[in-house]
Amino acid sequence: MGKTNIKLPVIGFGGAPIGNLFKKLNNYQAQEILKESQKNKINFYDTSPLYGYGLSEKRMGVFFKSLKRNEYLISTKVGRYLVKEDKDKIDRGIFKGGLNFKPVIDYTYDGVMRSFEQSLKRLGVSRIDLCLIHDVDYFTHKNKFDFYFQQSLKGAYIALQKLKEEKLIKAIGLGLNDAEVANKFITNEQFDCVLLAGRYTLLDTSAEDKFFSTAIKKNVGIILAGIFNSGILAKGLKQSTYFYKAIPAKTKKKFIEIDKLCRKFNIPIQAASIQFPLKNKHVSSIILGMDEISQIKENLKYLNIKIDREFWNNLKNIQK
């Protein structure tokens, strides 16, 4: 991964679904999904305090008790710490249940240290492999973006450097869904990696504009998430969203064209979705969120379907 000596599996496990993203899982279901992931050598687990307001981290912590520390890699995030709250007062947003906490946005040095300490307790570990500054973007913060961007550089970044010096984390990174903001961060400071969601997919290649060239020049590790663009590339147009919102007409048109091309070459669009980002040699790993055991096996099948070069050449004309 970039300039680090960390070796990631091709597919990483996205922890939002076991934090009850869109769908409520019980503890048994979550543990079985995690076991199946590990069994299939998907042993890089990405999570966040935000996912189920601590539920994802706590479920992973229970699972990690059955493993040796060198059998898995953990990525978690900072930028929000959790405080106890009455369950009837909690706005869970897109999460269908979770722990009885509310997140407090805080990218200051002290806020990040508080968030990190809470994560260690929930995960039941003494160190983290990758620690990412989370959601410093326009989508999350709107007109407060500039304030939080500066706060994260003066606070969160310094805190993570300190934790890395103390060998409590191995790599400092970013967890974002905005390629332009990711580029701004890595231009300003030295990061080990960026986990970028939704910006290098069949439908959105905006990471190519500036981010990739800067990351490659600075040898910043690239991890990609959201490769199904919040569902549309996994489930099709019906009952899907695009970046968790209604699908724009332009995106629908592009999807229909790509789906038609996939059918012409007899390729599942899910296979093309998984393999497309991995064709870029600078991408270390892709993170897939899975809320059913069957999805683990399906995604591995899609990863290994042979796709002709002609398909990729045709795809470039649609993506322009």
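The values are calculated or read from the model by the stated rules, or taken from the named source; none is laboratory data. No experiment lies behind these values; they were computed from the predicted model shown. For neighbour counting, all protein chains shown are included, and Cβ atoms are generated from backbone atoms with ideal geometry for every residue, glycine included.
Considering only residues that are touching a residue at least 60 places away in the same chain (Cβ under 8 Å) and either assigned to a helix (DSSP H, G or I) or hydrophobic (A, V, I, L, M, F, W, C) (or both), which ones fall in the range 162-193?
ALA171, CYS193
Considering every residue within the range 93-108, establish whether at least one is surrounded by fewer than 22 Cβ atoms within 10 Å (Cβ to Cβ), part of a helix (DSSP H, G or I) and in contact with a helix residue (DSSP H, G or I) (Cβ under 6 Å, 6 or more places away or on another chain).
Within the range 93-108 (the criterion being surrounded by fewer than 22 Cβ atoms within 10 Å (Cβ to Cβ), part of a helix (DSSP H, G or I) and in contact with a helix residue (DSSP H, G or I) (Cβ under 6 Å, 6 or more places away or on another chain)), the answer is no, since none of the residues qualifies.
Looking only at residues that are surrounded by fewer than 19 Cβ atoms within 10 Å (Cβ to Cβ) and hydrophobic (A, V, I, L, M, F, W, C) in the range 64-89, which one is nearest to PRO9 (Cα to Cα)? Write out each step before concluding.
Filtering the range 64-89 down to residues surrounded by fewer than 19 Cβ atoms within 10 Å (Cβ to Cβ) leaves 65-71, 83-89.
Checking the rest, the ones that are also hydrophobic (A, V, I, L, M, F, W, C) come to 67, 83.
On the way: LEU67: 17, VAL83: 34 Å.
Among residues in the range 64-89 that are surrounded by fewer than 19 Cβ atoms within 10 Å (Cβ to Cβ) and hydrophobic (A, V, I, L, M, F, W, C), the one nearest to PRO9 (Cα to Cα) is LEU67.
Among the residues of the range 46-56 satisfying the criterion of being under 14 Å from the mean Cα position of the chain (by Cα) and not hydroxyl-bearing (Ser, Thr, Tyr), which is nearest to LYS24 (Cα to Cα)? It would help to see each step written out before you state the result.
Quick first cut of the range 46-56, residues under 14 Å from the mean Cα position of the chain (by Cα) only: 46-51, 56.
Add one more test, that the residue is not hydroxyl-bearing (Ser, Thr, Tyr), and what stays is 46, 49-50.
Details: ASP46: 19, PRO49: 17, LEU50: 16 Å.
Here the residue is LEU50.
For GLY61, which of the numbered conditions (1) buried (at least 20 other Cβ atoms within 10 Å of the Cβ); (2) assigned to a helix (DSSP H, G or I); (3) touching a Lys or Arg at 6+ places or on another chain (Cβ under 8 Å) fails to hold?
Exception for GLY61: condition (1).
Just one of the numbered conditions (1) part of a strand (DSSP E or B); (2) surrounded by fewer than 22 Cβ atoms within 10 Å (Cβ to Cβ) is not true of ILE216; which one?
(1)
How many residues are more than 23 Å from ASP46 (Cα to Cα) and in a loop (DSSP other than H, G, I, E, B) if we restrict to the range 270-316?
Within the range 270-316, residues that are more than 23 Å from ASP46 (Cα to Cα) and in a loop (DSSP other than H, G, I, E, B) number 4.
When you scan the range 28-45, do you find a residue that is on the phi < 0 side of the Ramachandran plot, within 14 Å of the chain's Cα centre (by Cα) and either in a strand (DSSP E or B) or without any contact (Cβ under 8 Å) to a residue 40 or more places away in the chain (or both), even just one? Break it down stepwise before answering.
Step one: of the range 28-45, the residues on the phi < 0 side of the Ramachandran plot are 28-40, 42-45.
Still in the list and also within 14 Å of the chain's Cα centre (by Cα): 44-45.
Filter again for either in a strand (DSSP E or B) or without any contact (Cβ under 8 Å) to a residue 40 or more places away in the chain (or both), leaving 44-45.
Scanning the range 28-45, I find at least one residue that is on the phi < 0 side of the Ramachandran plot, within 14 Å of the chain's Cα centre (by Cα) and either in a strand (DSSP E or B) or without any contact (Cβ under 8 Å) to a residue 40 or more places away in the chain (or both), so the answer is yes.
Restricting attention to the range 219-263, which residues are among the polar types (S, T, N, Q) and part of a strand (DSSP E or B)?
If we filter the range 219-263 for residues that are among the polar types (S, T, N, Q), which is where we start, we get 219, 229-230, 239-241, 251.
The one that is among the polar types (S, T, N, Q) and part of a strand (DSSP E or B): THR241.
Among (1) in contact (Cβ under 8 Å) with a residue 40 or more places away in the chain; (2) in contact with a helix residue (DSSP H, G or I) (Cβ under 6 Å, 6 or more places away or on another chain); (3) in a strand (DSSP E or B), which single condition is ALA159 missing?
All conditions are met except number (3).
Only one of TYR53, TYR72, TYR45 is out of contact with any Ser or Thr (no Cβ under 8 Å at 6 or more places or on another chain), hydroxyl-bearing (Ser, Thr, Tyr) and under 28 Å from ASP137 (Cα atoms). Can you tell me which? If you could, list the steps in order and put the result at the bottom.
Numbers: TYR72 fails: under 28 Å from ASP137 (Cα atoms); TYR45 fails: out of contact with any Ser or Thr (no Cβ under 8 Å at 6 or more places or on another chain).
The match here is TYR53.
To keep it simple, each residue is scored yes or no on (1) within 18 Å of LEU73 (Cα to Cα); (2) surrounded by 17 or more Cβ atoms within 10 Å (Cβ to Cβ); (3) at pLDDT 95 or above.
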site: GLY12; (1), (2), (3): yes, yes, yes
site: ALA16; (1), (2), (3): yes, yes, yes
site: LEU21; (1), (2), (3): no, yes, no
site: LYS24; (1), (2), (3): no, no, yes
site: LEU34; (1), (2), (3): yes, yes, yes
site: ASN43; (1), (2), (3): yes, yes, yes
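Please specify each residue of the range 240-264 satisfying the condition of being buried (at least 16 other Cβ atoms within 10 Å of the Cβ) and over 25 Å from the mean Cα position of the chain (by Cα).
Once the filter is applied, which keeps residues that are buried (at least 16 other Cβ atoms within 10 Å of the Cβ) and over 25 Å from the mean Cα position of the chain (by Cα), the range 240-264 yields LEU261, CYS262.
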